[in-house]
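K.L.:
Dumping the structure here so I can ask a few things about it.
Readers should treat all values here as calculations from the given coordinates under stated rules, not as data from a laboratory. This structure is a prediction, so every number in the text was calculated from the model and none was measured. Positions of Cβ are backbone-derived with ideal geometry, glycine not excepted, and every protein chain shown enters the neighbour counts.
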Amino acid sequence: MILAIESSCDETAVALIRRNGKKPELLTSLISSQIDIHREYGGVVPEVACRNHAQRIRPLVQQAVDDTGLALDDITAFAATRGPGLASSLLVGLAYAKGLAAAANKPFFGINHMEGHLLSPFLETGHIPPHLGLIVSGGHTLLIDVQAYGQYRLIGRTIDDAAGEAFDKVGRMLQLPYPGGPEIEKHARGGDPKAYAFPRAVLKDAPFNFSFSGLKTAVLYQLQKIDDPQAHLADICASFQAAVIDALVKKTIRAAKEYGHSLITLSGGVACNRTLQESLTTSAENAGIKVQLTPPALTTDNAGMIAFAALLAAENRTADDLNIGINPNLSLASQMKNP
Ligand code: KG4
Ligand code: ZN
């Protein structure tokens, strides 16, 4: 029975998981979101985020334990995200989980947030098959060749803005509330994705890397040319969204073919986007490749995915020393074996 805490950005989250026969059983996954607080500032304010984590973490852990009818004594290991993320936010969850582990004299596992996203599509089955993982979040855009649990090779990443970051920045340009991703998706529904020909970056030397900053600038220039951008909101959103999705889908399918994968996964906050899900699934089907999507509750930041990564860690490696610290820039490669 593992209790996991996620606090890398602006969601305080707690989950409880155990292995029930072959399959993982997620007993509870609670999220206390601060989005309404940060919306006022148009983005996440680290100082505000960590203060709120510190206030919310204790009652949320208590609620997770109470909801499942357990006592803290029933928990056999504790886990928390140790990076990547905002330093002050990470510290709250990590210190709290280490404190619980120290008090109960139980093992502790520090978890990589990106590994949480990467493995989240398999929480239901509990088994990690070989696949190509596309992670699209607010801070990262990663293409990862996965041979098995713990065997990851980074084959593509963004060289500037992450996909979610591009959605959020363009959302701000369009005066939409934070976070921009869901807002742009909503407005894009009534728009023409071909109304504006926004660029799709081609990176000759690194064909599986992504770049979204040129696209962001192209949207800005286009807005300066339009008299009343709000009147063209749907077309701008649809055309911008199509450019992001086009780049993500084309490179992912090409990478899957080159690395011989017949399974692609889609995870991270931007994986909520229905048009992205549909576009990736259709293109993959045409290429004879399957797509495993992430259940909606595990897509944006949550502790369920951290708990699942911790369950696999507990089954596959030794626990971490309680002196382990946070690492705001923790990369997948630094923590994991590359084949
Ligand atoms: O994984 P996540 O919750 O946090 C990070 O680890 O970064 O991802 C948050 C990101 C934000 O940039 C948000 O705008 C984006 O996911 N997002 C979306 C959608 N829902 C969330 N982007 C596009 N379409 C959506 N429906
Ligand atoms: Zn995330």
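K.L.:
Which of Asn209, Gln34, Ala163 sits farthest toward the positive end of the charge dipole of the chain, with +1 on the Cβ of Lys and Arg and -1 on the Cβ of Asp and Glu?
P.N.:
Farthest towards the positive pole: Asn209.
K.L.:
Quick check for you: which residues of the stretch 300-319 have the amide N under 20 Å from the point 7 Å beyond the Cα of Gln292 toward its beta carbon?
P.N.:
Only 300-317 pass the distance filter.
K.L.:
Report D for the chain in µm² per second (integer): Stokes-Einstein, Kirkwood Rh on Cα pairs, 10 °C, 1.306 mPa s.
P.N.:
Calculated translational D: 78 µm²/s.
K.L.:
For Asp73 and Ser262, what does the FRET efficiency come to when R0 = 51 Å and r is the distance between their Cβ atoms, rounded to the nearest 0.05?
P.N.:
0.70
K.L.:
While we're on this one: Given the C-alpha centroids of the stretch 22-55 and the stretch 116-191, what is the distance between them in whole angstrom?
P.N.:
Taking the Cα centre of the stretch 116-191 as reference, the centre of the stretch 22-55 is 18 Å away.
K.L.:
Over the chain, what is the percentage of antiparallel beta bridges among all DSSP beta bridges, to the nearest 5?
P.N.:
60
K.L.:
Comparing Arg153, Arg18, Arg58, which has the greatest mean-square fluctuation in the GNM of the chain with Cα pairs linked when under 10 Å apart?
P.N.:
Fluctuation is largest for Arg58.
K.L.:
Still on this model: Where nothing but the Cβ of Lys and Arg (+1) and of Asp and Glu (-1) is charged, how large is the charge dipole of the chain around its Cα centre, in debye to the nearest 20?
P.N.:
With Lys and Arg at +1 and Asp and Glu at -1, about 720 debye.
K.L.:
Can I ask one more? So for the pair Ile35, Asp321, with labels modelled 7 Å out along Cα→Cβ, what separation do we get in nm?
P.N.:
4.0
K.L.:
Right, next: For the chain, with a Gaussian network of springs between Cα atoms less than 10 Å apart, report the residue from Ser262, Ser29, Ser120 with the top mean-square fluctuation.
P.N.:
Ser262
K.L.:
Between the stretch 96-113 and the stretch 194-235, how many Å separate their Cα centres?
P.N.:
44
K.L.:
Same structure, new question: So what is the orientation-averaged projected area of the stretch 129-294, using the convex hull of its C-alpha atoms, in nm²?
P.N.:
Averaged projected hull area, Cα only: 9.2 nm².
K.L.:
Using a simple charge model, +1 on the beta-carbon of Lys and Arg, -1 on the beta-carbon of Asp and Glu, nothing else, what dipole does the stretch 129-294 show about its Cα centre, in debye to the nearest 20?
P.N.:
On the way: 17 positive and 16 negative charges, 70 e Å.
Value, rounded to 20: 340 debye.
K.L.:
Related question: Under the definition of Cα pairs under 8 Å and six or more residues apart, what whole-number percent is the relative contact order of the chain?
P.N.:
Numbers: 721 pairs, mean separation 82.2, N = 339.
Rounded, it is 24 percent for the chain.
K.L.:
Any number yet on Rg/Rh for the stretch 190-274, C-alpha, Kirkwood?
P.N.:
1.03
K.L.:
If you take every DSSP beta bridge fully contained in the stretch 129-294, what fraction is antiparallel? Give it as a percent rounded to 5.
P.N.:
Given both bridge residues lie in the stretch 129-294, the antiparallel proportion sits at roughly 60 percent.
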